[in-house]
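Each reported figure results from applying straightforward, stated rules to the coordinates on display, with no laboratory input. Predicted model only: the values in this text are computed from it and were never measured. Ideal geometry is used to build each Cβ from the backbone, glycine not excepted, and the neighbour counts take in all protein chains shown.
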C-alpha cells in the first residue's frame, strides 16, 4: 500500500505551485499530485467541490459517533447543544422569532415545529435544510454542518423523545483523574499513549510507525525552541545509540534559552503584547520588559499557578519584587486611546472590559464578553457575573494628564523603572559617591572661617565692571561675530542648531574674580532678540573660562531674569535641557553675573567660551557683551533679600554661613564634581527602561462595579461587588482584590484553568487541541476528542505542581508524538484531520518560526536574548504616522537578524511578512491563529528582501562548507530540511545550479540585480529554492 504524506488540512497550499523541487513521497515535503483527489476538488464552486467538502465535513461525525449507531440520539447531549449554539440567539425568550423557543425540549415541541417520527414534515428540519422555497436557517449565518443536520434528523425520526437534561456542561465539572485503559502494548510509553491507543482500537485503527530520527529531531527542535537542528546536532543524534538518546535531546532543548523564546511567542498573542498603544494614533510604548519577563519565566520553569498569579496580581503579593510588578504588564497590554475628545472615563471602562474578556479567555476558555450586554445566550454566565469580575479591575491607579478643557486629558496608568543588573549596580555606586560629595560640601574646609569673614565684609560692595573687547571671536562655520563700537558683539550669517562662541581677550592689569554677560536687544534679531531663535530667545547652556594652565569654573551665578522651569547649576557641565534663557521677557536687555572658583591672575590672557547646546536648536545669542570685575563678591547685586538683610545687620549666624558654603569659590570645583556625578546619574536614569505595571489604590471597602444596561457605559444599573461566576466553584474566602481572583483561578477545584492550559499546550504540538475551539470550552465549542486524556493531563499538571516543562516533556516523549506523519490512503479516508492521532503532526510553521528557521539555516540568526524591540527590513512606506515623527528605521548590523519575537510590534501596521502568514495585530487576545494558504505567502518567501538576504547568506555558507558541488548542495539541503537529499533530489539541484550559472553568465545584468556576479547569483537562487521548499517551512 502506497504511503502519501499529507497536511492535516486538505486545502491545497498555493506555495507548492511555486516550488522548484517536488520530493518524492516519504517523511519530507508533500507531493500533492500523489493525493488521489479529483481536479475539481481544488476549484472554487462546482458540484465536485461541494461534494468533496460535504464528504470532508461528514467524516469527523462518522469518526466521533460511529460507536453510537445503535443508540438513540440524546436530545440533551446531542441535539440541544446544536440548537443552542446556532438557533437560540433568535429563537429564545419572550420575543422568540416566529414564536419558536429552542432553549428547552418542552418549549421546542410546544412550538409544533417538530413532528415526532416524521423528519420530512417537521418544519424545523425543512427550514434547516432550506427546503420548501424559503430561506435556509439559521438566517444570514452559515448553515449547519451535514453532521449536525443528520443528528437532528435522526432524533426526529426516532420519535423526538426528550431525556433528562444534562445537569451541567462537561467543562464546568472539575476533572477527575481517570484510570488508564488496561492495555498491554510495547507502543505505550506513557499515559498519553494508553488513552490514544485505546481510542484507536475502538475505531479499528493502529498507530503509525515512529518517524525517522532526522524527522523526529527536527520536529522536536522546532516545537521546543522554534529553531531547526544544526547539522552537527543531527550527526550527534544519529551517532548516539544509547536507548535514552532522544530523551537526552529533549532535556537539552528544554534547558536551552531558546525554549523560553518559543513558548513566549504564543503567550504574547494571548497577552495581546505590542510595542504601540493601538487606536488611530498608535504611538509607541515601552512594553518589552514584560516580554522579557515572560521569556525568563518560561526558561526558569516558573510553575503555571505562580505564572498566573504574578501576571494578574504580582503587585499585590506580600513583599512583591520589581519583577513581580513587571509581570503585571500582562494587563497593561490593553490598548490606550490617545485621540482627542475621547471621554477618558469611558475609555478606561473599555480597558477594564478588555481585562475581563482576556482573563476569561486565557484562564477559563470562556467567551465572557457575551455577558457584557446581557446574560450569556449559550453558557451559564450572567451579566452580573461579568460585572462582578470587572469589579476586580476597577481599583487601579490612574493619573490624569493634559488639559481637560480642550478634550486633551488622558488617563495614564502606573509605570516603573526597570534597571538591568549593570544599571542597578551603577546606580548604587553613583548614589554612594553623591552622598559622599554632598557630605563633604557641608563640612567646613580649612580656612573657611577666614574666607567667610572676608566675604561678609565685602559682600555688600557693588562691583565695578570693565567691558571687554575680544582680540579673537570664533563661531561655527557661516556665523559672523561682529564687534560693535560699544564693544558688544552682534552675530550675523548662519544660525546653526548648536555651537560655541569662543572669545579671546588680552590680559587684565587686575585679577579677575568674575564676569558679567549682557544679553542685548537689537532690531536685526527676531522679536528684537536678544537671541536668534525664531521667537527671539536663546539658551546659554555652558560657560568655560581658561587662562593659561588655569581653568576656573563658575562658582556662583545670578541673573536678573530666568525662564521658568530652568536652572543655572549645570553651566559648568553643559545640559541640553537647562541653561540661561529669557522666554517671557523677550526683546529686553538682561544680564548674568558669575564668580570664579579661582581668580585669574593679573597680567594673564584669558578666553571665555559660551556653549549653545539646547535640544530645541538655533537658540544662540544674537547680541551680547562681556565685562569683568575684581570685586570680592561679583554677584552682590543679586544676593537674596534675606541674606542681604543679615549682612546689613552685621549678623554672622549659621544661616549666613550655610549660604556662603553653597557659593564659596573654594568649593566650586567640588560642586562641579557633584554636578557631574548628578548629570551622570540623570543620564543613567534616563537610559533605564520603564515598564507598564498595575498599581492598586487603597481599598475603601469591597470593590464594586455598576452593571451596564446593554453594555452601555452611560447606562448604569445595579451596583455589584467583586466576585466570581456563580456556575463555578466559589473561592475559599470572599475575594477582595486581583490577588484573590488569581488564586481562585489556579485553585485545583477550578474545572477550567488546568484543562484550558494543557489543551493549548497540546495544540502547539499537534496543530489542534483536544478541544479544537481552545478559546471556547462552552456549549458552542467543540467537545474533546479524547475527554479522558484531557482530564488526565489536567489532573497530572496540577499534581506535578503546575510544572510546564514536565508537561512538555511528557508530550514530546510519548509514542503518539513520535509517529511518522506519513499516512495510508485508508487512514486519510478514515481520519483526514488526524483527530484520532494515528499519525504524527504535520503542518506549516507559524510566521515567526519560518523567518527564524530561514535565518538559522543561512547563518545570519543573532541569538541575543531580550532587550528593546528591533526593526528588521520592511518595505518603505508601510509605516507612516501623521501624529509624530515615528518611522521604521531598520536596525543595523546583527540586530537586524534577531529572533522574530523581538520585532517591533505596531498594532496598526504589523510586520508585513508576519501578517502574510496569519499573525494578528494583537489589538485583542488571540488564542489560536487560523492557518491560511494564499499566493501572497509564496511571493513573500520568494521576493521579500530578508528572504533574499538569507538566500545569499545560505549560498555563501554552502560554498564555504566544501569544495565539491555535491557536498555544498547536501550541506544546504540539510540546513533547511534536517536530512540529506535523495539521489534524484541532489541531481535536480545540480541541474538547477548548472542552468542558473549558465543563465547568469549569459545575462550578467540579471546577476547584478542580486548584487553579485554570475556564480554568486546562481548559488543565491539555489539557496532561495531551498528556503522555499514545503519541507523547509513545514513541521513534519
Where labels lie 7 Å past Cα in the beta-carbon direction, separation of residue 878 and residue 915 in nm: 0.8 nm
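Beyond 60 Å, how much of the Cα-Cα pair distribution for the chain remains, as a whole percent?
29 percent
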Sorted by packing (mean other beta-carbon atoms within 10 Å per residue), highest first, where do 849-855, 636-642 land? 849-855, 636-642
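Determine, for 279, 817, 273, the number of other Cβ atoms within 10 Å of each Cβ, and report the residues in order from fewest to most.
Arranged by neighbour count, lowest to highest, 279, 817, 273 become 279, 273, 817.
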Net lengthening on full extension, residue 464/residue 560 (0.36 nm per residue, minus Cα-Cα): 32.8 nm
Gain in length, residue 190 to residue 374, computed as 0.36 nm per residue apart minus the alpha-carbon separation, to one decimal in nm? 61.7 nm
What length, rounded to one decimal in nm, is gained on full extension from residue 235 through to residue 428, with 0.36 nm per residue of separation minus their alpha-carbon distance? 64.6 nm
Relative contact order of the chain (C-alpha contacts under 8 Å, at least 6 apart) in percent is 18 percent
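Tell me whether segment 461-638 comes out rounded, prolate or oblate; compute the Cα gyration tensor, take square roots of the eigenvalues as a ≥ b ≥ c, and use a/c under 1.5 as the rounded threshold.
Cα axes put segment 461-638 in the prolate bin.
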Can you list, bin by bin at 5 Å, the percent of alpha carbon pairs in segment 397-495, starting at 0? 2, 8, 7, 6, 6, 6, 7, 11, 17, 16, 12, 3, 0
Can you run the Rg to Rh ratio on segment 68-165? Use alpha carbon positions and the Kirkwood inverse-distance Rh. 0.93
Efficiency by 1/(1 + (r/R0)^6): what FRET value for residue 118 and residue 145, r their Cβ-Cβ distance, R0 = 22 Å, to the nearest 0.05? 0.45
Near-label residues of segment 583-604 by backbone N, under 20 Å of a point 7 Å along Cα→Cβ of residue 504: 600-604
Please find the FRET efficiency linking residue 886 to residue 494, where r is the Cβ-Cβ separation and R0 is fixed at 45 Å, and quote it to the nearest 0.05. 0.90
Plugging the Cβ-Cβ distance of residue 321 and residue 435 into 1/(1 + (r/R0)^6) at R0 = 25 Å yields, to the nearest 0.05, a FRET efficiency of 0.50
Return the distance in nm (one decimal) between the two label points of a simple spin-label model at residue 943 and residue 1009, each offset 7 Å from Cα along Cα→Cβ. 1.0 nm
0 to 90° range, to nearest 10: angle between helix 654-663 axis and the chain longest Cα axis: 80 degrees
